[in-house]
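**Student:** Sharing a structure here in structure tokens format.
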Amino acid sequence: MALRRDAIAIVVIVAHGLLVQAAVASARAWPQWGGDAGGTRFSPLAQITPANVDKLVRAWDYHTGDSTVRPPAAALRTKFEATPLLIDDSLVFCSPFNEVIALDPGTGVEKWRFDPKLANDLRPANRYACRGVAHWVDAQAPADAVCRSRLFMGTVDARLIALDARTGRPCAGFGVGGEVRIDLGTDLLWPSEFQITSAPAVGRNMVVVGSSIADNQRVAAPPGTVRGFDARTGALRWSFDPLIHDGITAGHANVWAPMSVDDERGLVFLPTSSPSPDFFGGARPGDNRHSDSVVALRIETGALVWSFQTTHHDVWDYDLPAQPTLARLETGQGARDVVMQPTKQGFVFVLDRDTGAPIWPVEERAVPQGAVDGERLSPTQPFPTHLPPLLAQRFT
């Protein structure tokens, strides 16, 4: 993909003049935002190698046209961050204005396009943005049924939309006319203080949606509630507020980064963010759990299974910014199913998938104190000891 200032474009390259083959078997597809539900981002394709990568040339490009059909003020509030899916012989992605587009992967020819009709004057807190869509197949539906293969997308204006993956038409049996308007249960400072930017997580016939919320607007900000919807009907099945509000005034701890799913275990893994406001916690004493945490929920009920906090009482905006990666690792004491979570500090926490316990030691180390009046910092912070940090921890 390439982002150009004059137009958003997707660019496809070829090796030695031969188009890199689109998926024929599911193993060669890219059906989820992170490659698979566990975010491993692994592809078995082997046509592009270190020996031929310098021979790649452009095969085609595609322009969404957003910059020419939207008012300049709206176009300036965009960021193109979509990861395309390769499903059902289509390359599917979303534009910053939540238009879902399906292309022929071999030619770049547009197959269909869905426009949810976003308003141009929303002023979204984190710009007009859509990181991707999610794919789900209804195993109970006939093979040729409409919306048996469907796409889910959260929108800038707080809708969850279901589309037929073959045609791009809304799934009539989902919500009202193919969409659910999310009830936030609280007043907003302006309509787009709350938005959805990352692709939903899908598993066990459930669709799980996080949110992106404006930072540093107020202490009693909207909560970062995560919601689970029935994938067939759009009915809300559960909601989970990551932040424990006992004795504190705060909101957020939302999940703006992509989530991961272990369908076999029936777990969804949430990378939560900091509580409000980002840089002062005087009204929220204590560790503020389950903010800045990897949280495992039962995907069918939203019940809490375990939580591991990577930053206590965050006053640095140390949101967990990445999808948790699910993998099976050889630890030296046998293979373990793990959750790997990188952080803004450059740490990587490796946790047992069933319990959340660190696979290798994590030390609570004393950290510098001293803060503005009314603030009380955590005396310690967790440091993984086995894996070295991904970047320097001191600057001169």
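The values are calculated or read from the model by the stated rules, or taken from the named source; none is laboratory data. These figures come from a predicted structure and were not determined experimentally. We place every Cβ from the backbone using ideal geometry, glycine too, and count neighbours over all the protein chains shown.
**Student:** Within region 354-396, which residues are touching a residue at least 60 places away in the same chain (Cβ under 8 Å) and within 14 Å of SER293 (Cα to Cα)?
**Tutor:** Residues satisfying the conditions are GLY356, GLN381, PRO382.
**Student:** In addition: Cβ contacts < 6 Å: first residue more than 15 Å from PRO124 (Cα to Cα), restricted to region 65-78; second residue at pLDDT 90 or above and part of a helix (DSSP H, G or I), any location; separation 6+ or different chain. Result?
**Tutor:** SER67/ALA75
**Student:** Moving to a separate point now. Taking ARG181, is it at pLDDT 95 or above, surrounded by fewer than 20 Cβ atoms within 10 Å (Cβ to Cβ) and farther than 27 Å from ASP89 by Cβ? Show your work before the answer.
**Tutor:** Details: at pLDDT 95 or above: yes; surrounded by fewer than 20 Cβ atoms within 10 Å (Cβ to Cβ): yes; farther than 27 Å from ASP89 by Cβ: yes.
Yes: the conditions hold for ARG181.
**Student:** Being out of contact with any Lys or Arg (no Cβ under 7 Å at 6 or more places or on another chain), closer than 22 Å to PHE240 by Cβ and of a type outside the set (Phe, Trp, Tyr): is that true of ALA172 here? Give the derivation first.
**Tutor:** Numbers: out of contact with any Lys or Arg (no Cβ under 7 Å at 6 or more places or on another chain): yes; closer than 22 Å to PHE240 by Cβ: no; of a type outside the set (Phe, Trp, Tyr): yes.
Answer is no for this residue.
**Student:** So is LEU326 in contact (Cβ under 8 Å) with a residue 24 or more places away in the chain and under 21 Å from LEU390 (Cβ atoms) or not? Write out each step before concluding.
**Tutor:** Values: in contact (Cβ under 8 Å) with a residue 24 or more places away in the chain: yes; under 21 Å from LEU390 (Cβ atoms): yes.
Answer is yes for this residue.
**Student:** Take the residues in region 60-91 that are surrounded by fewer than 18 Cβ atoms within 10 Å (Cβ to Cβ) and among the β-branched types (Val, Ile, Thr), then tell me which one is nearest to MET153 (Cα to Cα).
**Tutor:** Of everything passing the filter in region 60-91, VAL69 is nearest to MET153 (Cα to Cα).
**Student:** Could you tell me how many of the residues in region 88-104 are at pLDDT 95 or above and either β-branched (Val, Ile, Thr) or out of contact with any Phe, Trp or Tyr (no Cβ under 7 Å at 6 or more places or on another chain) (or both)?
**Tutor:** Here the count works out to 10.
**Student:** Please enumerate the residues belonging to region 333-358 that are part of a loop (DSSP other than H, G, I, E, B), of a type outside the set (Lys, Arg) and touching a Phe, Trp or Tyr at 6+ places or on another chain (Cβ under 9 Å).
**Tutor:** Just the residues of region 333-358 that are part of a loop (DSSP other than H, G, I, E, B), to begin with: 333-334, 343-347, 353-357.
Going one step further and asking which of them are of a type outside the set (Lys, Arg), we end up with 333-334, 343, 345-347, 354-357.
Within region 333-358, THR343, GLN345, PHE347, ASP354, THR355, GLY356, ALA357 meet the criteria.
**Student:** Additional query: Which residues, counting only those in region 221-251, are in contact with a Phe, Trp or Tyr (Cβ under 9 Å, 6 or more places away or on another chain), under 20 Å from THR310 (Cα atoms) and either assigned to a strand (DSSP E or B) or not small (Gly, Ala, Ser) (or both)?
**Tutor:** THR225, VAL226
**Student:** Here's something else I'd like to know. Filter region 160-218 down to the residues that are among the charged types (D, E, K, R) and in contact with a Ser or Thr (Cβ under 9 Å, 6 or more places away or on another chain) and list them by number. Give the steps one after another, and end with the answer.
**Tutor:** Restricting attention to region 160-218, the residues satisfying the condition of being among the charged types (D, E, K, R) are 164, 166, 169, 179, 181, 183, 187, 193, 204, 215, 218.
Selection gives ASP164, ARG166, GLU179, ASP215, ARG218.
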